[in-house]
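Novice: Sharing a structure, written as structure tokens. Questions coming.
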Amino acid sequence: MQEKNRGLALFTFLVFVFLLGPLLIISITSFEGGSILKFPPEEYSFKWYENIFQVEMFLSTFKTSIIVSVAGNILALLLGVPAAYALSRFDFAGKGIINGIFVSPILIPGIVLGFSFLRYIVVAYDLPIYTSLFIGHTVIMLPFVIRVISSSLTNFDFSIEEAALSLGASRLGTFFSIVVPNIKSGIIAAVMIAFLESFNNVDISVYMTGPGVSTFPIQMLLYVENYFDPTVAAISVLLMIITALFMFIVERLMGLSYFTKR
Amino acid sequence: MALFTLQDISVAYNKKEILKDFNLEIEKGQLVSLLGPSGCGKTTTLRLIAGFLQSNNGKFLFKDKDYTKVPVNKRNFGFVFQNYALFPHMTVADNIAFGLRLRKVPKAEAVKRVERMLEIVNLEGYGKRFPSELSGGQRQRVAIARALVIEPDILLFDEPLSNLDANLRVNMRVEIRRIQQELGITTVYVSHDQEECFSISDQVAIMNKGIIEQLSDPATIYKYPATKFVADFIGFKNFIEFESREDKGDTVELSKNGRVFTVEKHTHMSPNKKVGAVRPDDFLLAEWNETQVLPSNGIPGKIKITTFLGRSYQYVVSTPIGDFTVNKEMTAPYHVGQEVVLIIPKDQMVLVE
Amino acid sequence: MKRRYLYLLLLPGLLFLTVFMVIPILSMIGTTFHDNGTISVKGYIDFFKDDYFIKILLTTLRVSLFTTLICILIGFPVSYYISKLQARKKAVFLLLTIFPLLTSPVVRSFSWMIIIGKNGVLNKVLLGAGLINQPLEILYTPTAIIIGLVHLFLPLVIVTLVGVMENIEMDLLQAAESLGASKLGVFLKIVVPLCVPGLVIGSILVFVGSFTAYTTPALLGGKQRVISTFLYQNAITLNDWKLASIVATIMIVVTFIIIAIMNGAAKKLNPKG
């Protein structure tokens, strides 16, 4: 029995080397002092980190990504929180179908969704690229918002809502003063996860690039196809640090079970 | 004059009828309990009064105004929930002040009223604590304070004590009654616990399957249950279906299997009823054998089962007219098979159907 | 009164999704059934007749299948190990598993380019150790895509399976042992059968994900096309929207069929009923 465990432990260790090794390697190569990407680096320097800020396209697409993801997140919350509340609180005809519609953006392949956005939102509805990006990202963030808020409300004790009503509060007032404060951590976690998914998204953003407009991951993709220097490695490290930060905050707020629930 | 009236109310849920043509009148200042088993409709009635439910037909009149369509947050009725429903993100003081803030009561006055309320429920000094820091009994008192501070026209309790342990329940119900009487506030109280309701109510409505079987003061119900359901619910375990009845002045004679039993008439006795009910504690039981004379209202019997209950012994006695459950305190209990005589005292049988 | 509130809460979201997602997707599918003004399935017939297209479809299916198998075979034992750890160690492993999941797919695929490229880390190590004479050409082949996709989805499988295994009550395992089962017996007879629904769900998630992935095959596959890069190529580079729509519809249909199978299988296989 002990041997079995030791063998399994070794196997697991190797698997994690496989999972995390590449990320470690890319982090190390980001400190390359020379001019081409190689591992192990010949010399060490921060110059590729500086380079990020020299490349104009990185800065402007970063700004675009932030704006699109934040604005999309806000719209997703405005549309999704009331919907999640309605779906959790009430039973009604057609609930299954409506729930299905709200969940469907996750089920449709991103690369397909992006194409239909291009074909219809950009071309048929004739909306500018920036706006189309904003709309597209809202669509993909909406299911996340709804799923997380719904699960926060699953174990919610709605009798405190009734208590507030019996004391004279309006339905809207009750929602903001009683329901929202008690699902606060769920909302924050939902926002962070949705933001990460949107910021990192390639499959739909790749269709909606125009003169001077593009999202950050797409810019990274373009850069990699043309240059093979450690700039992208440096960007990767910075992104990983931010991701780790987000994860830390979500874990503090919601615990580890938040990630393992399906 | 009735403070509020439920008139011909019908409520159905998921195609199941819970209340049909239901009527109830409550006088000002009274504490009325709705008592009954699960599913009898008592909670539905309470939530209807509060405004959480709408009836399909019928009217709810309050002080002669039609309140049927008035939404819950405009009724000014205090509601105390079974699981307290305290706002977890607010302090005790903020919980209690919630209703006052909505009514735009000035801050200084609100603070005073909250303090007064904390005194009334014996929770002085607890204002800054959070619900999670309180015990069950304390939370219940905050819930009561929160409902009272808004000076409601009616106070509604939904099984408020079921989540507390036995000792606490007894203390809390005394508190609730004390506060209710002190403030003279009309109260409707729902529970499935008979002792609880009987000990604190002015009137009790015993409900069964959406109908009020009997509405009366506790003493009357206790002594003179009106129907078989009520009798069974409050502890009359023995029922005898008599074959015939003859009214004779002050008494009634009932017969079964050729045996005749005499029962005293009382003001609450209804004519024509022929089913008698007797409490296990009210029988007289004595050793007997066939050589002895049979006392009046007595039947010969044999002990079938003996159970020790702690305070008393419980016997199942089999007789020619059926098996009966009898409770008796005894130092020397009867044994199985013993021949006894079972006597029904003239004033201890109630006719219920 | 309640009804009205209800629709008000749902309407904005529903309207938004209908206008910007439901209608575009349905319209796109609709155009694939039109041919010069008449309704026909000519587009699909032409598609399935073309060897080149079929080859891409099959390659994608093959890649997805291999990825799924490898993820399950590796993921299952690893999940078992993690699920038996003490809380603190378990938390650390889970965090390490989840971290890659949240990093950008561009970052993850790029890191493999550094490793399996001609001048990459792997070749350097193997050449240096004398294990091979010529650098291995892994990059820009289906194998590279599989490696990248396994790296992408393995954490997902581990997280799913650990969740499932945690739900298996200790009592069941102890009962089996008390009745005489060995540790291996407990694993095979109790743990594995109870994990089947989780395995099914995990497999389908990986399969669908691999089938529709874009970034990884785009970076690691080079000229080797899979169905998603093929779709993009037709949509943007070649501007053949007709063909792109057909490919897109096929992808949707395959995805939905597999998800439907998942729902059916999960219901049937759930031992708790």
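The values are calculated or read from the model by the stated rules, or taken from the named source; none is laboratory data. All figures in this text were calculated on a predicted structure; none of them were measured in a lab. Note that each Cβ is placed from the backbone with ideal geometry, even for glycine, and that neighbours are counted across all protein chains shown.
Novice: Filter the stretch A:160-181 for residues that are assigned to a helix (DSSP H, G or I), within 7 Å of chain B (Cβ to nearest Cβ) and surrounded by fewer than 17 Cβ atoms within 10 Å (Cβ to Cβ) and give the result.
Specialist: Result: A:P181, single match.
Yes/no matrix, rows are residues, columns are (1) of a type in the set (D, E, K, R); (2) buried (at least 19 other Cβ atoms within 10 Å of the Cβ):
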position: B:I221; (1), (2): no, yes
position: B:P225; (1), (2): no, yes
position: B:F236; (1), (2): no, yes
position: B:E243; (1), (2): yes, no
position: B:E246; (1), (2): yes, no
position: B:T251; (1), (2): no, no
position: B:S255; (1), (2): no, no
position: B:V260; (1), (2): no, no
position: B:T267; (1), (2): no, no
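Novice: Continuing with the same structure: Condition test on A:I101, is it surrounded by 14 or more Cβ atoms within 10 Å (Cβ to Cβ), among the β-branched types (V, I, T) and in contact with a Leu (Cβ under 7 Å, 6 or more places away or on another chain)? Explain how you work it out, then say what you get.
Specialist: Numbers: surrounded by 14 or more Cβ atoms within 10 Å (Cβ to Cβ): yes; among the β-branched types (V, I, T): yes; in contact with a Leu (Cβ under 7 Å, 6 or more places away or on another chain): yes.
Judged against the criteria, A:I101 is a match.
Novice: Also, quick follow-up: Give B:K223, B:K228 a once-over and let me know the one that is more than 18 Å from B:K28 (Cα to Cα), among the charged types (D, E, K, R) and in contact with a strand residue (DSSP E or B) (Cβ under 7 Å, 6 or more places away or on another chain). Spell out how you get there, then give the answer.
Specialist: Working: B:K223 fails: in contact with a strand residue (DSSP E or B) (Cβ under 7 Å, 6 or more places away or on another chain).
Every option except B:K228 fails the conditions.
Novice: Out of (1) buried (at least 19 other Cβ atoms within 10 Å of the Cβ); (2) closer than 19 Å to A:L20 by Cβ, what's the single condition that is false for C:G13?
Specialist: With respect to (1) buried (at least 19 other Cβ atoms within 10 Å of the Cβ); (2) closer than 19 Å to A:L20 by Cβ, C:G13 is out only on (2).
Novice: Please identify the pairs in which a residue from the stretch C:142-158 that is farther than 15 Å from C:L102 by Cα and without any contact (Cβ under 8 Å) to a residue 24 or more places away in the chain has its Cβ atom under 6 Å from the Cβ atom of a residue that is assigned to a helix (DSSP H, G or I) and of a type in the set (G, A, S), counting only partners at least 6 apart or on another chain.
Specialist: Pairs that qualify, where the first residue is farther than 15 Å from C:L102 by Cα and without any contact (Cβ under 8 Å) to a residue 24 or more places away in the chain and the partner is assigned to a helix (DSSP H, G or I) and of a type in the set (G, A, S): there are none.
Novice: Residue by residue through the stretch C:73-101, note down the ones that are in a helix (DSSP H, G or I), aliphatic (A, V, I, L, M) and surrounded by fewer than 17 Cβ atoms within 10 Å (Cβ to Cβ). Explain how you work it out, then say what you get.
Specialist: Kept after step one, since they are in a helix (DSSP H, G or I), are these residues of the stretch C:73-101: C:73-83, C:87-101.
Pick out the ones that are also aliphatic (A, V, I, L, M) and you get C:73-74, C:78, C:82, C:87, C:91-92, C:94-96, C:98, C:101.
Answer for the stretch C:73-101, where residues must be in a helix (DSSP H, G or I), aliphatic (A, V, I, L, M) and surrounded by fewer than 17 Cβ atoms within 10 Å (Cβ to Cβ): C:L73, C:A87, C:A91, C:V92, C:L95, C:L96.
Novice: For the stretch A:106-133, what are the residues that are more than 7 Å from chain C (Cβ to nearest Cβ), surrounded by fewer than 21 Cβ atoms within 10 Å (Cβ to Cβ) and hydrophobic (A, V, I, L, M, F, W, C)?
Specialist: Within the stretch A:106-133, A:I106, A:V122, A:V123, A:A124, A:L127, A:I129 qualify.
Novice: For the subset of the stretch C:170-190 comprising residues that are within 14 Å of another protein chain (Cβ to nearest Cβ) and in a helix (DSSP H, G or I), which member is surrounded by the fewest Cβ atoms within 10 Å (Cβ to Cβ)? So that I can check it myself, show each step before the final result.
Specialist: Applying the first criterion (within 14 Å of another protein chain (Cβ to nearest Cβ)) to the stretch C:170-190 yields C:173, C:177, C:181-188.
Pick out the ones that are also in a helix (DSSP H, G or I) and you get C:173, C:177, C:183-188.
Details: C:L173: 17, C:E177: 14, C:K183: 13, C:L184: 10, C:G185: 13, C:V186: 18, C:F187: 17, C:L188: 12.
In this case the residue turns out to be C:L184.
Novice: Would you point out the residue of the stretch C:83-99, among those that are modelled with pLDDT of 90 or more and touching a helix residue (DSSP H, G or I) at 6+ places or on another chain (Cβ under 6 Å), that is nearest to A:T243 (Cα to Cα)?
Specialist: C:T97
Novice: Something else now. What strands (runs of 3 or more DSSP E) lie completely within the stretch B:1-86 and have 2 or more residues being surrounded by fewer than 22 Cβ atoms within 10 Å (Cβ to Cβ) and within 19 Å of the chain's Cα centre (by Cα)? Walk me through how you get there before you give the answer.
Specialist: Details: elements: B:2-13, B:16-27, B:31-35, B:57-62, B:77-80.
Hits in the stretch B:1-86: B:16-27.
Novice: OK, next. For C:P217, which of the numbered conditions (1) farther than 16 Å from C:A144 by Cα; (2) assigned to a helix (DSSP H, G or I); (3) more than 8 Å from chain A (Cβ to nearest Cβ); (4) not β-branched (V, I, T) fails to hold?
Specialist: C:P217 satisfies all of (1) farther than 16 Å from C:A144 by Cα; (2) assigned to a helix (DSSP H, G or I); (3) more than 8 Å from chain A (Cβ to nearest Cβ); (4) not β-branched (V, I, T) except (1).
Novice: Residues of the stretch A:142-155 being more than 9 Å from every other protein chain (Cβ to nearest Cβ) and either over 13 Å from A:I187 (Cβ atoms) or free of Cβ contacts under 8 Å to residues at least 40 places away in the same chain (or both), which ones?
Specialist: Let us first name the residues in the stretch A:142-155 that are more than 9 Å from every other protein chain (Cβ to nearest Cβ), namely A:143-145, A:147-155.
Within the stretch A:142-155, A:P143, A:S152, A:T154, A:N155 qualify.
Novice: Looking only at residues that are polar (S, T, N, Q) and outside any helix (DSSP H, G or I) in the stretch C:102-122, which one is modelled with the lowest pLDDT? Spell out the reasoning first.
Specialist: Residues of the stretch C:102-122 polar (S, T, N, Q): C:103-104, C:109, C:111, C:119.
Those left that are additionally outside any helix (DSSP H, G or I): C:103-104, C:119.
Numbers: C:T103: 86, C:S104: 86, C:N119: 78.
Once the filter is applied, the top-ranked residue is C:N119.
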